[in-house]
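Report on the structure given below.
The values are calculated or read from the model by the stated rules, or taken from the named source; none is laboratory data. Remember, it's a predicted structure, so these values are computed and weren't measured experimentally. Ideal geometry is used to build each Cβ from the backbone, glycine not excepted, and the neighbour counts take in all protein chains shown. Remember, those area values only see protein heavy atoms, side chains included, never the ligands or the DNA or RNA. Shrake-Rupley method; radii C 1.70, N 1.55, O 1.52, S 1.80 Å.
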Amino acid sequence: MKKTYNINLNGQAFCIDEDAYAKLQVYIDTLEKYYLAEEDGKEIMADIESRIAELLREFLQRNHKEVVSLPEIDKVIEIMGTPEVIIDEDTQESSTPRQEIKRKLYRDADHRVVGGVASGLATYFGIDSAWIRVAFIVLSLFYGVTILVYLILWIAIPKAITARQKLEMKGKNATVSNIEKNIRDTYNQVKKKSKLNRFFSRTGEIINEFVQIVIRFIGKIALVLIALLAIIGATGGTIAFFFFGYCFLGILFTLPEPIELFARYATAPICPWLIETLALLVCLIPLGLVSYLSASYLFKFHKHRAAVTLTAGGFWLLCCFILMGISLFYLHHYAQEGSVEDKFVLAPQHAGKELTVHFSCPPSNRIQYDKGLFEWSNDVLLYHKHINDGKAEPYFKTRISFENTSDSIPCLTVKRQAHGNSYTQAVKNAQKTIYRHQWNNDTLHLDTYFQLDTALWRGNQIQVQIAVPEAYRLNLIHAPNKEIRRTAIFQEREKFRNNREQTQHYLMRQGKLEKIN
C-alpha cells in the first residue's frame, strides 16, 4: 500500500502516489535551482509546470486513471527532457537540430497590435507579420471587406495561451528547452521594443479592451432581446395555440352536416377526421413547442427540455410525413381524367317540330329537403335525409345545356366525367354515377340530379346536352330556374328548386333559344 498526495500544478489539482511524487519533486527542484537564479526564471517555471499539468491530465484521461503513478512521471520527463540534457543544451549548442512538428494556427497575443490575428497568421506561414498587416490595411480600402474578415478570424482562431500552444504555433515540441527558449525570446523582444512598438502594443491593448467591452455590451443586449422574445413567444404562442385549437376543434365538431357528408365522399377511403386531426397537430405542435421553450427559458426549468423538444419534434415530423403521404395518395388518385359519352336519338313518334322535356327533382315522397347547400364551381351538392331511416345522402346537380344542330332530329348526349389513378380507373369511377333519363311519347324525362353508387366521389360530373334542330319548339316542364344554359345565352345559376312556372316554351331560331308565350 502506497501513500498518496494531493498536489497543485499551475492551478490544477492532482492525486499522486509516493514514488511518483518523490521523482516529480526532484525533477522540479532541479529545474528551479537552475532557472530561478535568472531574471525570467519564474515565467519559465510557470510554463514548465503548466506543460507538466497538461501532460498528466492527458495521460490520466487516456488511461481512465485518477492517481498519477511513476510510469506517468517517467513519460513526462521523457517528453520534457531530463535536467542533465536541458542544462547541457543551454551550456553548449546542440549538434542535432530540434525536432519540428506540424504548425497549428493560433492568435499570437505576445506580438499583437489589435487581436493577434496578423502575427498568428505570419507565424503559421513563416513570414514577417508586417506583410500581413500591410495586406489587411490595403485590402480594407476596397469596401472594408478585410475588416469583417479580420473580425471573423478574431472570433474563429483560438488564442495561444499555454506554453504548448505557443510552441505548437511555431511548429516546436513543448519540451523544457523549447519552453525556455520561447520565453527568453519573448522577454528579449519586450526589452528591445522601441517606443513606436510600445505605442502600437498599447494601442492594440486599448482596442482589444474596447472590443471586449463592446462584445460584453452586445451580449447583454442580446440577452435582453432573447428574454423579450421569450416573453413574446410564451404569451403569443399560448394565445395562438388556444385560438387555433379552438378554431380547428370548432370546425372538427361543428362542421355542417352537408359539408361533412361531402367530405366523407371526397376523402374516402380515408376518414376526414383523421386528416383534420393531423392538420390540427401540424399547426398546434410548433405553437405549443414555442410556448414551452419560451416558458422554460423564462422560468429556468431545463430538466426535461431536450426530451420534450425531441419528442414533440419527432411527433410533428411524423404527422407531417403522414399528411404528405395522404396528399400524395389523393394526387395520385386524381391524376387522370376519364369520361364516358352516350348518345341517344330522340326520334319523334308524331309529325311536327316539337320537343317536350320534363325535368324531375329528387322524389319528395322518399326524402325531405334539409338546409345546406354546398357549391363548388358549377356543381352544387344537395343534402337530403330519408324520412324513414334519417339516412343522409348527397345529390349532385347535372349540367344541362341546349345546342343547335343541323340534323333534322333532336339528339341527347350524356357525358359522365371523373378522375382516377389511371384512365381506366377514371372511366370506372365515371360509370359509378347514377343518372336516369327516358324518352317516351315524344317527351324526354330528365333528372336534374345524379347520385353515386358508392360512397366515393372523385370529381364526378354529368353534362347533359340536348341538340335541337332549327325551328323546333321546346316545351320545358318544371325546368330548374336559371339553370338551363348554352354558350350563346348563358344565365346565372340559382339554388336548386323547381320553377314556379309549370311549363315554359322556347323556339330555336337562328341558333338561339327564344322564349315564346
- Which listed pairs, of LYS23/LYS166; LYS65/LYS102; LYS2/LYS75; LYS23/LYS102; LYS23/LYS75, have C-alpha distances above 23 Å, in listed order: LYS23/LYS166; LYS65/LYS102; LYS23/LYS102
- Around ARG62: net Lys/Arg minus Asp/Glu count, Cβ-Cβ under 12 Å: +1
- Convex hull volume per residue in cubic angstrom - Cα atoms of the range 279-336: 55 Å³
- Message: For GLU470, what residues show an amide H to amide H distance below 5 Å, using hydrogens built from the backbone and excluding near sequence neighbours?
- Response: THR405
- Using a 1.4 Å probe, how large is the accessible area of LYS515, given in Å² and rounded to the nearest 10? 120 Å²
- Item | Average accessible area per residue (Å²) across the range 1-82 - probe 1.4 Å, nucleic acids and ligands excluded | 57 Å²
- Would you kindly find the accessible area of ILE79, with a 1.4 Å probe and non-protein molecules such as ligands, DNA and RNA excluded, rounding to the nearest 10 Å²? 70 Å²
